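Contents: one structure, followed by commentary.
Bear in mind that the values in this text are calculations on the coordinates, not laboratory data. Everything numeric in this text was worked out from a predicted model, so none of it was measured. When we count neighbours, we look across all protein chains shown, and the Cβ atoms used for this are built from the backbone with ideal geometry, even at glycine.
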Amino acid sequence: METNPTKQRQAFYRDYVSGQWSMSELCRRYQVSRPTGYKWIVRIEHDAQEGVKDRSRAPEHHPNRTPEHIERELLRLRVEYGWGATKLRRMLAVRHPDWQVPARSTVNDLLEEHGLLRKQRRRRVWEHPGSVRVQTTAPNQVWPADFKGQFKMRNGEYCYPLTVTDHYSRMLLLCKGLPSVRTEGAKPAFRRLFEECGLPDAIRTDNGAPFASLGIAGLCELNVWWMKLGIVHQRIRPSSPQENGQHERMHKDLKREATRPPAEDMPRQQKLLDKFRDRYNYERPHEALNDDRPADHWKPSTKEYSGRLRRPEYPGHFEIRRVSACGAFRLQSGQYFLSNALKGEDIGMEEIDDGIWNIVYYNTILGRIDRKTGRITGQDKV
């Protein structure tokens with residue numbers, strides 16, 4: 001007896017049309033039931049080629065399948081935003097509250113089916129020993145700031161996006177394309193930001209230009225200006241971007257959505273950066289905020305920017321010294337170089353032991369000087 005299903009059905013039909021066998025005899029001969037035998041005959045007479053082949057057992061209609069209009073909208077949102085399943089589900093629920101939102105696994109299956117699922121290799125998470133964690137309980141306590149890595153626009157010029165976020169709300173406060181990381185471009189950008197949003201308690205940056213220098217306490221024009229405004233400058237440790245990890249994560253989204261591909265020139269590139277900023281603040285759901293938007297949790301600072309710089313005030317037991325035009329100060333019979341960033345500024349000197357003095361600027365201890373050796377050590381040695 002033929003064991004190939006297709007050939008078995010062909011042989012069954014040939015014997016049937018020969019008229020030599022009754023249906024009961026044929027079914028016993030081919031070891032099938034009478035309903036199956038009649039089904040074969042109907043299929044073959046309807047289509048001789050396809051009727052003898054095996055048919056899929058999958059149902060033609062899936063009652064639990066996601067409706068096509070929801071699939072189309074999910075795919076459109078994916079192309080528009082480039083987000084993953086969790087954020088796509090949130091956006092679908094916001095835009096179409098009367099639709100039934102598919103499960104996260106269903107959305108991932110849909111993206112994979114259309115070749116839109118980015119699969120990333122799971123990386124090992126290394127815990128940095130002693131890394132400083134940022135704790136915030138309200139907006140404007142800490143503003144992380146950084147330059148996203150430069151990239152070349154289509155006209156051949158480079159763009160250096162300066163970014164500032166609010167740590168508590170994730171609000172992207174500033175996203176400004178600049179031609180370099182020089183202070184003369186960054187300082188006006190911060191001034192406009194302060195005018196619009198007020199002043200934070202602290203700004204958190206890395207140790208690169210223009211936020212810090214290689215001199216004592218990393219003093220530079222920009223962070224000295226922040227100190228005069230009453231802003232504490234938090235510097236993460238060298239080669240430790242994970243201490244500003246939340247800000248770095250935002251940069252990945254910025255790179256994907258606003259720089260690939262880059263624009264023709266700076267004005268057009270700025271339009272892309274502004275579009276990303278609006279989307280990040282007012283549309284994108286953030287898992288750390290229970291899928292709320294940053295704009296739902298941020299409000300301007302109550303400390304307004306007036307442009308006036310207050311002079312430092314020191315306790316009565318401090319000795320006041322003015323830094324000269326060459327960045328040095330005098331203490332008793334000696335002259336010591338401190339920093340060019342403090343030219344013309346008053347510093348406070350506090351003697352804490354015989355010949356040992358703390359060097360204070362506003363509320364920050366810059367370092368310590370030993371009169372016996374004439375050596376100044378940085379704040380990390382204090």
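Structure data summary
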| read-out | value |
| --- | --- |
| Table column - 3J(HN,Hα) (Hz), the stretch 8-17, Karplus curve with 6.51, -1.76, 1.60, x for Gly and Pro | 4, 5, 5, 5, 4, 5, 4, 5, 5, 6 |
| About the Cα centre, charge dipole magnitude for the stretch 324-381 (Lys/Arg +1, Asp/Glu -1 at Cβ), debye | 240 |
| Tail weight of P(r) past 20 Å, computed on alpha-carbon pairs of the stretch 263-382, percent | 62 |
| Test item: Cα-centred dipole of the stretch 226-375, Lys/Arg +1 and Asp/Glu -1 on Cβ, debye | 460 |
| Diffusion coefficient, µm² s⁻¹, Stokes-Einstein with Kirkwood Rh over alpha-carbon pairs of the stretch 133-208 at 10 °C and 1.306 mPa s | 120 |
| Amide proton proximity set for SER180, modelled H, under 5 Å, gap of 5+ | TYR160 |
| Of LYS87/LYS271; LYS148/LYS299; LYS148/LYS255; LYS148/LYS303, pairs whose Cα-Cα distance is over 18 Å | LYS87/LYS271; LYS148/LYS299; LYS148/LYS303 |
| Hull volume in cubic angstrom per residue (convex hull over the Cα atoms of the stretch 221-323) | 215 |
| Rg and Dmax of the stretch 284-323, Cα atoms only, in Å | 20.6, 53 |
| Extension gain, THR86 back to ARG191 (0.36 nm per residue minus Cα-Cα distance, nm) | 34.1 nm |
| Given charges at beta-carbon only (K, R positive; D, E negative), |dipole| of the chain in Debye | 780 |
| Potential lengthening between ASP353 and LYS271 on full extension [0.36 nm per residue; Cα-Cα distance subtracted] | 23.8 nm |
| Rg/Rh for the stretch 234-276, where both radii come from Cα atoms and Rh is the Kirkwood radius | 1.13 |
| Whole-Å distance, taken between Cα centres, linking the stretch 1-30 and the stretch 307-382 | 106 |
| Listed residues HIS286, LEU219, ALA202: farthest to the positive end of the dipole of the chain (Cβ charges) | HIS286 |
| Under 5 Å, built H, 5+ apart or other chain: amide partners of GLY230 | none |
| For the stretch 198-213, Karplus couplings with θ = phi - 60° (6.51, -1.76, 1.60), whole Hz, Gly/Pro x | x, 10, x, 6, 8, 10, 10, 9, 7, 9, x, 5, x, 7, 7, 10 |
| Rg and Dmax of the chain, Cα atoms only, in Å | 35.3, 129 |
| Charge tally in the Cβ shell below 11 Å around GLN269, where Lys, Arg are +1 and Asp, Glu are -1, GLN269 excluded | +2 |
| Protection proxy ranking, peptides 187-199, 97-109, average beta carbon neighbours within 10 Å, highest first | 187-199, 97-109 |
| Dimensions (Å) - the stretch 1-48, Cα atoms, principal axes, largest first | 24, 21, 20 |
| Derived scalar couplings ³J(HN,Hα) [the stretch 257-272; Karplus, 6.51 cos²θ - 1.76 cosθ + 1.60; whole Hz; x for Gly, Pro] | 8, 10, 10, 10, x, x, 7, 6, 8, 5, x, 5, 5, 5, 4, 5 |
| Dimensionless Rg ratio for the stretch 176-272, taking C-alpha atoms and the 2.2 N^0.38 Å reference | 1.18 |
